[in-house]
Amino acid sequence: MSDDFLSQPLQFVKGVGPRRAADLARVGLLTVEDLLLRFPLRYENRAGLTPMAALRPGQTATVVGEVLSFGIRPTRRPGFRLFEVVVRDESGAVRAVFPNQAFLKDVFRAQQQVVLFGPLEHRSGGLQFTNPEYEIVRGDAEDSDDAHVHTGRLVPIYEKIGSVTPRMQRSLMHQVLAAMPEEVDDPVPAPVRQALALPPRRVAIEHTHFPPGDVSVVELNAFKSAAQQRLIFEEFFLFQAGLVMRKRRQSSTHKARPVQVDDRVRGAARKVLPFRLTDGQKVALREIVTDMQRPEPMHRLLQGDVGAGKTIVALLAAVVAMENGFQVAFMAPTEILADQHYMTIRRLMEHSRFRVGSLTGSVTGAKKRAARAEIASGTTHLVVGTHALVEGAVEFRELGLVIIDEQHRFGVMQRATLRAKGQHPDVLVMTATPIPRTLALTAFGDLDVSVIRGLPPGRQPIRTVAKPDSRRDEIYQLVRKELEQGRQAYVIYPLVEASEKIDLRAATAMAETLQSDVFPEYRVALLHGKMKSDEKDQVMAAFARGDVHVLAATTVVEVGVDVANATMMVVEHAERFGLSQLHQLRGRVGRGTHASTCVLVYQAPLTEQGRARLEALIETTDGFLIAERDLEIRGPGDFFGTRQSGLPTLRVGDLVRDHILMEEARREALASLDDPQQSSALMAYLSTHWAERFGLVDVG
Ligand code: ADP
Ligand code: MG
């Protein structure tokens, strides 16, 4: 019954009509519920009447009184007319002018009671409202219960939608709320509502749009009123419940067989290990292997700061899988990284009985066919590659574990496609950058999370300094000092898609200058994404061997590149990079036992944001702290990059502002789905509403 009310198309609501309906539809408002779940931008307190005799210029006030006179006044500007009305109460009178709104002559009537709200100014010898909010108080009309809508109360301010003004929306909202049934279905189960003392849904909706007089406007504008919080909670709760539900469906599938771990497996793992694992690595590995021993497929996210040593943990998991007769796919986001992983892994696995292969987009022709055949026959046990690995016709004999060394590029959906390959393999996702917990719960809410705390022993803290471009000599001096001690350096140049050609030219020119003018006695090489892949490989390999001393590069080295002898990172135009990106770049140094330096070169003057970013980076090297700051500065959409973010489209909640509610919602969603009394209604609601509300793939 109430669902019928909420699902009514807006088009058929009185006063909407086709034109406004089309405008509303353009921003995704199709039904009455869509409209009701659209929060005001902000609120204004228009309650509290001021007697007219007490009005002062500069003040923003609400007055109520009787229309004394009104009319249109011509002005000196041709065609420009003012509508003017004078209103009085027992104490005095005030004038209001409305530029270019002659139609108001048909709205106002003498002796009418009206409310005016707005700022006052001193004009042409008296106090005046210019363009105030107005409201005609009708004692007689049958559709008015004398309630104030636009003035005389806490008033919602909406964002204009095409032809639908904030004022129209307010009227529409008021009208729809008046027609709303006493009870509306509540997707949040009663026990959850009780436990968290949440107001009923209907009350929450009403009070969000027309708050009662005792709510503070400050609280409303922070979106912290009980009513608003309840609707935000609802949104988060449903989102999390959907994720949990999907995850449970997945885990009701079984993989080919769980892995077994015995002394032989442990011994094989120990053999590839070149150092002792840190405690943090051990904890993470234990969690991963425990998952692998379960009958349900693993879906786990491995987090750890830059340089925490995620690769070896993943490789040990791979050894466990291979010892159990499974094949492993190891995916990297770029070819450079895939090649680097391939090299590292091949070296570590040299003395094992397993064969390591590689497959990237640049492998073609007969080589590609051969690589594929070896994967299909099972001759290749571990294959390292890019997305090419899961696309198209690659077939495995028995794929048991997929490792994704990703750069947030895989959303919830892409992971689903991947799982469809193979017989429900275990999936381990590694993130290149630490992700703030709220976002992890959202974009990766269907994954379990392991976090590697701390860094491997012997690391020296990286010194970070910011220097203006004008002090280039000093900067090169710092680089030279490192080179003289046998160390190596990166010099990074920004490359943005919009000005790619110019940027590339600039990067190339910089590499040439560095070689010919600045470091003629050392070898400088250029690396960028547009180079052929074997060229890239050669340059990277030469740098890894130490034959190249200075690597001038674009952000192709941003993630994962691992050369321990490199101790100097110079980032040109640091002001153009995001915070997490700078943290990643800085993470290319400080990987060995030598002290490292990161120089952020900026073009003065810095913007406020630019300065905030550089300061944050100098202050801390803790990637988790930096990620939180980045999220605050940039907002969630930009944090992941807009494309394929895997983030849901939220209507009322804000991942940064409301992050505590997200945690609460997660907890409650888990509990509700575990409670047979609550779960069936909730699951039924989700299967009809989830996809449409969050714009993600279905929960099924
Ligand atoms: P990330 O977590 O950023 O992917 P890597 O896996 O590339 O980090 O590891 C960074 C570097 O630290 C590598 O050179 C790796 O060999 C080294 N490393 C990892 N774990 C340890 C450890 N327990 N002891 C010493 N060195 C380690
Ligand atoms: Mg890595």
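So the values come out like this:
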{"item": "Residue ranges of strands (runs of 3 or more DSSP E) in region 296-363 with at least 1 members modelled with pLDDT of 90 or more and of a type in the set (F, W, Y)", "result": "327-331"}
{"item": "Residue in region 98-119 that is touching a Leu at 6+ places or on another chain (Cβ under 9 Å) and of a type in the set (D, E, K, R) present", "result": "no"}
{"item": "Options A96, A47; residue that is closer than 29 Å to K160 by Cα and assigned to a strand (DSSP E or B)", "result": "A96"}
{"item": "Test for R294: is it closer than 30 Å to H424 by Cβ, free of Cβ contacts under 8 Å to residues at least 12 places away in the same chain and either away from ligand 1 (no atom under 16 Å from the Cβ) or of a type in the set (S, T, N, Q) (or both)", "result": "no"}
{"item": "Qualifying residue in region 458-475 (condition: under 33 Å from the mean Cα position of the chain (by Cα), within 16 Å of ligand 2 (Cβ to nearest atom) and at negative phi)", "result": "yes"}
{"item": "Number of positions in region 549-595 that are within 12 Å of ligand 1 (Cβ to nearest atom) and either modelled with pLDDT of 90 or more or out of contact with any Pro (no Cβ under 7 Å at 6 or more places or on another chain) (or both)", "result": "18"}
{"item": "The one condition in (1) in contact (Cβ under 8 Å) with a residue 12 or more places away in the chain; (2) at negative phi; (3) of a type in the set (G, A, S) that S499 fails to fulfil", "result": "(1)"}
{"item": "T278, sole failed condition from (1) of a type in the set (V, I, T); (2) in contact with a Pro (Cβ under 8 Å, 6 or more places away or on another chain); (3) more than 12 Å from ligand 1 (Cβ to nearest atom)", "result": "(3)"}
{"item": "Top-ranked residue of region 535-548 - restricted to ones that are part of a loop (DSSP other than H, G, I, E, B) and surrounded by fewer than 21 Cβ atoms within 10 Å (Cβ to Cβ), ranked as farthest from ligand 1 (Cβ to nearest atom)", "result": "D547"}
{"item": "Some residue of region 255-264 being in a loop (DSSP other than H, G, I, E, B), surrounded by fewer than 20 Cβ atoms within 10 Å (Cβ to Cβ) and polar (S, T, N, Q)", "result": "yes"}
{"item": "Residue identified as within 13 Å of ligand 1 (Cβ to nearest atom) and within 19 Å of G587 (Cα to Cα) among V465, V451", "result": "V451"}
{"item": "Any hit, region 553-566, residues being in contact (Cβ under 8 Å) with a residue 40 or more places away in the chain, of a type in the set (A, V, I, L, M), surrounded by fewer than 23 Cβ atoms within 10 Å (Cβ to Cβ) and out of contact with any Leu (no Cβ under 8 Å at 6 or more places or on another chain)", "result": "yes"}
{"item": "Top-ranked residue of region 578-588 - restricted to ones that are away from ligand 2 (no atom under 14 Å from the Cβ) and of a type in the set (A, V, I, L, M, F, W, C), ranked as farthest from L495 (Cα to Cα)", "result": "L579"}
{"item": "Residue among V550, V557 that is under 20 Å from L582 (Cα atoms), touching a helix residue (DSSP H, G or I) at 6+ places or on another chain (Cβ under 8 Å), of a type in the set (A, V, I, L, M, F, W, C) and within 16 Å of ligand 2 (Cβ to nearest atom)", "result": "V557"}
{"item": "Residue count for region 364-401, restricted to those that are modelled with pLDDT under 90 and of a type in the set (V, I, T)", "result": "4"}
{"item": "Selection from region 571-598 of residues that are surrounded by fewer than 24 Cβ atoms within 10 Å (Cβ to Cβ), in contact with a strand residue (DSSP E or B) (Cβ under 8 Å, 6 or more places away or on another chain) and of a type in the set (V, I, T)", "result": "T597"}
{"item": "Residue in region 421-432 that is under 24 Å from the mean Cα position of the chain (by Cα), at pLDDT below 85 and away from ligand 1 (no atom under 16 Å from the Cβ) present", "result": "no"}
{"item": "Failed item in (1) farther than 14 Å from Q128 by Cα; (2) part of a strand (DSSP E or B), with V85 passing the rest", "result": "(1)"}
{"item": "Selected residue [of a type in the set (D, E, K, R) and either at pLDDT below 90 or outside any helix (DSSP H, G or I) (or both)] from R19, R56", "result": "R56"}
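For (1) within 16 Å of ligand 2 (Cβ to nearest atom); (2) surrounded by fewer than 14 Cβ atoms within 10 Å (Cβ to Cβ); (3) touching a residue at least 60 places away in the same chain (Cβ under 8 Å); (4) closer than 27 Å to R248 by Cα, each residue gets a yes or a no:
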site	(1), (2), (3), (4)
A268	no, no, yes, no
G280	yes, no, yes, no
R286	no, yes, no, yes
L302	yes, no, yes, yes
D305	yes, no, yes, no
A308	yes, no, yes, no
V313	yes, no, yes, yes
A317	yes, no, yes, yes
V320	no, no, yes, yes
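The values are calculated or read from the model by the stated rules, or taken from the named source; none is laboratory data. This structure is a prediction, so every number in the text was calculated from the model and none was measured. Every residue, glycine among them, receives a Cβ derived from its backbone with ideal geometry; neighbour counts consider all protein chains shown.
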